[in-house]
Structures are given as C-alpha cells and as structure tokens.
Amino acid sequence: MPKIIVLPHEELCPDGAVLEAETGESVLNVALKNDIDIEHACEKVCACTTCHVIIREGFDSLEESDELEDDMLDKAWGLEPESRLSCQAKVADEDLVVEIPKYTVNMVSENH
C-alpha cells in the first residue's frame, strides 16, 4: 500500500505525517481523512487552487495533469514544476512526499 509522507506545515501538520493511501485515491482525500485539513474551496471539482501541493518525491508516478488542472495551477501561489492540485492528483503505486505550501490563493475568503 503506497504512503503519502506529508512534510511539516506550521498550521496544518506541524510534525509532518506518514499516511496510508489506496491506489487511485486523491492526495486531498487521504489528507482529509487523516485530519490534515487542506483547504478545498471548490469542493474538489478542479475550479480553484486552494488545495495546491508540491510533490517533492514520486511526481512521475502520478497521471499527467489535464488542461483544466494546468490552467488552474497557473493561478496558484508559489507554483513549481512539481505542483499539483491535491484533489486531482491520484495516488499510484509509489510513495509520495508532499509539501503543503504556506499560502493559498482563496478568492472566496479574500473577498469577505
């Protein structure tokens, strides 16, 4: 069973975590069910960038992102070549090392 290693994040996961994942599960769903509350303003439909993560290891094991995800990622804060939307990145057969960026771009909360 693949694992997702979440690097320490000051607010969401201060000590980091090692999570068990099922093949085909999204990085976001695995994190949420393990009480790592990655923001997901669009309810996991690839319509925002709040669940942006950086895949530090295992990136090549993921299916390629589609055009819609790429368009969304272009708007993400701190975009890197290994950036993915965690709602779209599905675990394959390799362990992943995931970094949750310090900031997100959340249009909804910024307008209130």
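The values are calculated or read from the model by the stated rules, or taken from the named source; none is laboratory data. Values in this document were obtained by computation on a predicted structure and should not be read as measured data. All Cβ positions, glycine included, derive from the backbone under ideal geometry; neighbour counts span all protein chains shown.
None of VAL98, VAL105 is in contact with a helix residue (DSSP H, G or I) (Cβ under 7 Å, 6 or more places away or on another chain) and closer than 20 Å to ASP37 by Cβ except VAL98. Among the residues of region 70-95, those that are in contact with a helix residue (DSSP H, G or I) (Cβ under 9 Å, 6 or more places away or on another chain) and among the aliphatic types (A, V, I, L, M) comprise LEU79, LEU85, ALA89, VAL91, ALA92. Of the residues making up region 14-31, not a single one is under 13 Å from the mean Cα position of the chain (by Cα) and at pLDDT below 95.
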